[in-house]
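Everything on this sheet refers to the single structure shown next.
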Amino acid sequence: GVDASVFAPVDAAKRRAYRERLGVPADAFVVFSAGQLDSRKRVTDIVEAAGLSGIRPICVTLAGPESPDGRDVEALAAATNSLPVGASVVCLGELGHHALPEAYAMADAFVLASSAEGMPNALLEGMATGLPCLASDIPGSRDILSGGGGRLFPPGDVAALAREFVSLADDPAASAALAREGREVVLERYSLDRLAEQYSDHYRALLGVS
């Protein structure tokens, strides 16, 4: 579950302030992703899709620890160095409890490009923050987004992800509707308060307590 009071939408002024604090370009279309920067999370796909999208300026902002595999580090550096003018990457490192919600809140969209996941809490956090969310079409992400709040793309399909970036950037009204829908899904199904209610109901049923 996710604490929907901590991961929550913010107004434009706070979004600007968070971008300034985190060193993220104020005027860019900001795509955010959270998790270890390794091959399973396919963060290089996100960077390559940003460059391919044609959106300018665009900034991929990544939060999470560096991969222990040097090949992953080299691949991310190569993808970043190959970006055209107007596309950039900001790596925030591993963020603490208070900074992570700000990183979500300063973004325009959240993306989870993983090749494998369980029940991805990062996707729930993006939805709770009121971001339009994109995720690779894999179990876990597919289960969460079956109720709405985001769009799926084929794992590893950089061109498809780039098209989704363009779709979100070109249609702010549709993006906002998707974001509202995602927030509602979290409040109805995945918030800590809602999960606590479900556990309480379950135990009462097991104990035969009305």
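The values are calculated or read from the model by the stated rules, or taken from the named source; none is laboratory data. Please read all numbers here as calculations on a predicted model, not as lab measurements. With ideal geometry, Cβ positions are generated from the backbone for all residues, glycine too; neighbour counts draw on all protein chains shown. Remember, those area values only see protein heavy atoms, side chains included, never the ligands or the DNA or RNA. Shrake-Rupley method; radii C 1.70, N 1.55, O 1.52, S 1.80 Å.
Residue-level analysis places Arg21 among those that are exposed (fewer than 14 other Cβ atoms within 10 Å of the Cβ) and either among the charged types (D, E, K, R) or in contact (Cβ under 8 Å) with a residue 24 or more places away in the chain (or both).
Conditions tested, residue by residue: (1) outside any strand (DSSP E or B); (2) in contact (Cβ under 8 Å) with a residue 12 or more places away in the chain; (3) surrounded by fewer than 19 Cβ atoms within 10 Å (Cβ to Cβ); (4) out of contact with any Cys (no Cβ under 6 Å at 6 or more places or on another chain).
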{"residue": "Ala17", "(1), (2), (3), (4)": "yes, no, yes, yes"}
{"residue": "Arg40", "(1), (2), (3), (4)": "yes, yes, yes, yes"}
{"residue": "Ile46", "(1), (2), (3), (4)": "yes, yes, no, yes"}
{"residue": "Gly51", "(1), (2), (3), (4)": "yes, yes, no, yes"}
{"residue": "Arg71", "(1), (2), (3), (4)": "yes, yes, yes, yes"}
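Those strands (runs of 3 or more DSSP E) of the range 94-210 in which at least 2 residues are hydrophobic (A, V, I, L, M, F, W, C), at pLDDT 95 or above and crowded, with 24+ Cβ neighbours inside 10 Å, considering only elements entirely within it, cover 109-112, 133-136.
Contact map, the range 156-168: first residue more than 15 Å from Asp108 (Cβ to Cβ) and free of Cβ contacts under 8 Å to residues at least 12 places away in the same chain, second residue surrounded by fewer than 16 Cβ atoms within 10 Å (Cβ to Cβ) and not β-branched (Val, Ile, Thr), Cβ cut-off under 7 Å, separation 6 or more or different chains; pairs are Ala160/Pro154.
Just a yes or no: is a residue in the range 83-90 over 25 Å from Ala179 (Cβ atoms), in contact with a helix residue (DSSP H, G or I) (Cβ under 8 Å, 6 or more places away or on another chain) and open to solvent by 40 Å² or more (accessible area, probe 1.4 Å)? Yes, the range 83-90 contains a residue that is over 25 Å from Ala179 (Cβ atoms), in contact with a helix residue (DSSP H, G or I) (Cβ under 8 Å, 6 or more places away or on another chain) and open to solvent by 40 Å² or more (accessible area, probe 1.4 Å).
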